[in-house]
Amino acid sequence: MLLGYLLKRLTRDVQKIPSISTETSHLSIKIHSPEPTIAEETAQLLPVVTVDHLSPTTSDQAHTSVLKIVEDKFMINVSMLQDELQNFVSGTSDIQGAALVSPDGLALASVLPGGMDEERTAAMSASMLSLGERIGRELVRGNVERIVVEGEKGYGVLVGCGSDAVLLVLAGAGVKQGLLFLEVKRAVSRIAPLLA
């Protein structure tokens, strides 16, 4: 409908182009149609903008298609992130759980032990990272590579996963720290490209 209006408008403007008379040596301007009033233009627009006559245009369909592609890509990445975390937790001994968290404290994907609240864990992880970075600055230790919480039942390791996420890994008390840090580093290298 918008296209129809534009074609009418273009046709009317083309008709208003002055023509040259060859009968005399003088130039004369012929106007083929009178200039429409604002009321006439508004009357022409009304059928186009009424809700009853609206239908999806090609540009609306293209916009919807682009949104669908972006949405599908995002859904695929979330699914891939979830699968990667699941493989990491199930394929590595002594790893009990993992969560990928946004810097704002929102869980992007997680594989946590039963009884752990995903939202609460994500929020605490973001707070822990923020506090760790402040401590690193105050103690003039530079950028924080990882934050490790060691308890009697195991470890909680928090590492940056690009600028868009933080990876929290929960490991049992029997894990060797060197192997744990190596596995976490490998997991980050697999997860980071999925966030791009």
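Yes/no matrix, rows are residues, columns are (1) more than 19 Å from K153 (Cβ to Cβ); (2) buried (at least 19 other Cβ atoms within 10 Å of the Cβ); (3) modelled with pLDDT of 90 or more:
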| residue | (1), (2), (3) |
| --- | --- |
| G91 | yes, no, yes |
| A99 | no, yes, yes |
| L106 | yes, no, yes |
| A109 | yes, yes, yes |
| L112 | no, yes, yes |
| E119 | yes, no, yes |
| A122 | yes, yes, yes |
Practice item. Return yes or no: is G132 over 22 Å from I95 (Cα atoms), in contact with a strand residue (DSSP E or B) (Cβ under 6 Å, 6 or more places away or on another chain), among the small types (G, A, S) and assigned by TED's automatic domain parsing to the domain that holds A187? Key: yes
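Here is a yes/no grid of residues against (1) among the hydrophobic types (A, V, I, L, M, F, W, C); (2) touching a residue at least 40 places away in the same chain (Cβ under 8 Å); (3) surrounded by fewer than 19 Cβ atoms within 10 Å (Cβ to Cβ):
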residue: Q86; (1), (2), (3): no, no, yes
residue: S102; (1), (2), (3): no, yes, yes
residue: S125; (1), (2), (3): no, yes, no
residue: V184; (1), (2), (3): yes, no, no
Revision key, fill the gap. Of those in the stretch 141-158 that are part of a strand (DSSP E or B) and out of contact with any Phe, Trp or Tyr (no Cβ under 9 Å at 6 or more places or on another chain), the residue surrounded by the most Cβ atoms within 10 Å (Cβ to Cβ) is L158
Check your understanding: Does the stretch 90-101 contain any residue that is in a helix (DSSP H, G or I) and of a type in the set (S, T, Y)?
Key -> yes
Study note, to complete from the structure: When every residue in the stretch 159-185 that is aliphatic (A, V, I, L, M) and part of a strand (DSSP E or B) is compared, the one farthest from M128 (Cα to Cα) is A171
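The values are calculated or read from the model by the stated rules, or taken from the named source; none is laboratory data. Everything quoted here is computed from the prediction, not taken from an experiment. Here Cβ is always computed from backbone atoms with ideal geometry, including for glycine, and neighbour counts include all displayed protein chains.
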